[in-house]
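Take a look at the structure below.
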Amino acid sequence: MTDIRNAGTFAMGDRVVNRMGYGAMQLAGPGVYGPPRDRDAALAVLREAVDSGVNHIDTSDFYGPHVTNQVIREALHPYPDGLVIVTKVGAVRGEDASWNPAQSPAELERAVHDNLRNLGVDALDVVNLRLMGDGHGPSESSVAERFTALARLREQGLIRHLGLSNATARQVEEARGIAPVVCVQNLYNLANREDDALVDSLAEAGIAYVPFFPLGGFSPLQSATLSDVAARLGATPMQVALAWLLHRAPNLLLIPGTSSVAHLRENLAAAELSLADDVLAELDGIGGAATASAS
């Protein structure tokens, strides 16, 4: 069995987690809506993840909606000591499966209570304020009212730690002036490097950076260089892409998602993949080429 401890650990507030975690979004039905195609398989993936040493699970009550948190509870409750479940608030799902903003203080408080109820806990380990930007990217706006609402719930003991998702560097700094920020969850991967400076500044501040779509998301990573490197290393391209993230900075925490036990094991094996300096330089060029082509 893969020893994911080879990838190291990082702290989110007073909780230390293995850097290789698991994202639960794919446990809901197609389009992250409705029940899973195979509930037993979804339960098995969660139990396999925890049995493999994963102690950082990312979720949200708007996955399903409610479905993913209910599956997590069924699979893992009572939760093992040391397991950190990170959720996010700021959206709701329409009956047409649309993703709609829900960012008023009242909506955020309601979302926190939905997460508490469906996960079956008295306090949430980490809550990310998911900002609604331009598509999958952030856009500038003040977070003061929204983050203050969550900070009040933290003071009440309903939330232990706070983070941001889909945020700009300016929004992170504004939030840090209101309450401690333990993590930032943004779009970032081998080919999407717009947050390079933010990754580094958060590392200096001891704040975790959790890339969503670490394997490209709806547009899976495709690169001849990535495929060539993977073939030389006897690994899959996706394992190499995950290993690159682990090498990129010590504060990067990975949450690749899957609904398959076999795919989960493949992802976790990236924790043991070592990349030499010349390989890292070769892979770094993928991001540079993508940035140049977009400009």
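Inside region 78-102, can you point out the residues that are assigned to a loop (DSSP other than H, G, I, E, B), surrounded by fewer than 20 Cβ atoms within 10 Å (Cβ to Cβ) and not aliphatic (A, V, I, L, M)?
Across region 78-102, the qualifying residues are Pro78, Tyr79, Pro80, Asp81, Gly82, Gly94, Glu95, Asp96, Ser98.
Answer with yes or no whether Ala169 is within 19 Å of Val210 (Cα to Cα), touching a residue at least 12 places away in the same chain (Cβ under 8 Å), out of contact with any strand residue (DSSP E or B) (no Cβ under 7 Å at 6 or more places or on another chain) and among the hydrophobic types (A, V, I, L, M, F, W, C).
yes
Report, by residue number, each residue of region 196-217 that is more than 15 Å from the chain's Cα centre (by Cα) and either within 22 Å of Glu282 (Cα to Cα) or free of Cβ contacts under 8 Å to residues at least 40 places away in the same chain (or both).
Across region 196-217, the qualifying residues are Asp196, Ala197, Leu198, Asp200, Ser201, Glu204, Ala205.
Any idea how many residues of region 129-164 are open to solvent by less than 50 Å² (accessible area, probe 1.4 Å), in a strand (DSSP E or B) and among the charged types (D, E, K, R)?
1
Just a yes or no: is a residue in region 67-84 more than 21 Å from Asp51 (Cα to Cα) and modelled with pLDDT of 95 or more? It would help to see each step written out before you state the result.
Of region 67-84, the ones more than 21 Å from Asp51 (Cα to Cα) are 67.
Of the ones still in play, those that are also modelled with pLDDT of 95 or more are 67.
Looking for residues that are more than 21 Å from Asp51 (Cα to Cα) and modelled with pLDDT of 95 or more, one finds at least one in region 67-84, hence yes.
Considering only residues that are within 19 Å of the chain's Cα centre (by Cα) and either in a helix (DSSP H, G or I) or surrounded by 15 or more Cβ atoms within 10 Å (Cβ to Cβ) (or both), which ones fall in region 218-241? Walk me through how you get there before you give the answer.
In the first step, residues of region 218-241 are kept if they are within 19 Å of the chain's Cα centre (by Cα); the result is 218-221, 238-241.
Matches in region 218-241: Leu221, Met238, Gln239, Val240, Ala241.
Can you run down the residue pairs with Cβ atoms below 7 Å, 6 or more apart or on separate chains, where the first is in region 266-283 and open to solvent by 20 Å² or more (accessible area, probe 1.4 Å) and the partner is not in a helix (DSSP H, G or I)?
Glu266/Thr236; Ala269/Thr2; Glu272/Thr2; Glu272/Asp3; Leu273/Ala235
Test Asn115 against the criterion of being at pLDDT 95 or above and open to solvent by less than 60 Å² (accessible area, probe 1.4 Å), and give yes or no. Let's see the steps before the verdict.
Details: at pLDDT 95 or above: yes; open to solvent by less than 60 Å² (accessible area, probe 1.4 Å): yes.
Taking the combined requirement at face value, the residue satisfies it.
Right, Arg193: in contact with a helix residue (DSSP H, G or I) (Cβ under 7 Å, 6 or more places away or on another chain), open to solvent by 10 Å² or more (accessible area, probe 1.4 Å) and under 24 Å from Arg19 (Cβ atoms) or not? So that I can check it myself, show each step before the final result.
Numbers: in contact with a helix residue (DSSP H, G or I) (Cβ under 7 Å, 6 or more places away or on another chain): yes; open to solvent by 10 Å² or more (accessible area, probe 1.4 Å): yes; under 24 Å from Arg19 (Cβ atoms): yes.
Here the answer is yes, as Arg193 does meet what is asked.
For the structure I just gave you, tell me whether Ala106 is in a helix (DSSP H, G or I) and either open to solvent by less than 30 Å² (accessible area, probe 1.4 Å) or farther than 26 Å from Ser141 by Cα (or both).
Criteria not met by Ala106.
Go through (1) in contact with a Leu (Cβ under 8 Å, 6 or more places away or on another chain); (2) surrounded by 15 or more Cβ atoms within 10 Å (Cβ to Cβ) for Arg47 and report which single condition fails.
Arg47 satisfies all of (1) in contact with a Leu (Cβ under 8 Å, 6 or more places away or on another chain); (2) surrounded by 15 or more Cβ atoms within 10 Å (Cβ to Cβ) except (2).
Filter region 175-190 for residues that are out of contact with any strand residue (DSSP E or B) (no Cβ under 8 Å at 6 or more places or on another chain) and open to solvent by less than 10 Å² (accessible area, probe 1.4 Å) and give the result. Steps first, answer last, please.
Looking only at region 175-190, we keep the residues that are out of contact with any strand residue (DSSP E or B) (no Cβ under 8 Å at 6 or more places or on another chain), and these are 176-178, 190.
Correct list: Leu190 only.
If Ala290 passes every condition in (1) within 23 Å of the chain's Cα centre (by Cα); (2) at pLDDT 95 or above; (3) surrounded by fewer than 19 Cβ atoms within 10 Å (Cβ to Cβ) but one, which one does it miss?
If we test Ala290 against (1) within 23 Å of the chain's Cα centre (by Cα); (2) at pLDDT 95 or above; (3) surrounded by fewer than 19 Cβ atoms within 10 Å (Cβ to Cβ), just (2) comes out false.
The values are calculated or read from the model by the stated rules, or taken from the named source; none is laboratory data. Small disclaimer: the values here were computed from a predicted structure and weren't measured. Using ideal geometry, Cβ is built from the backbone for each residue, glycine included, and neighbour counts are taken over all protein chains shown. Just so you know, the surface numbers come from the protein's heavy atoms only, side chains and all, with ligands and any DNA or RNA stripped out. Shrake-Rupley method; radii C 1.70, N 1.55, O 1.52, S 1.80 Å.
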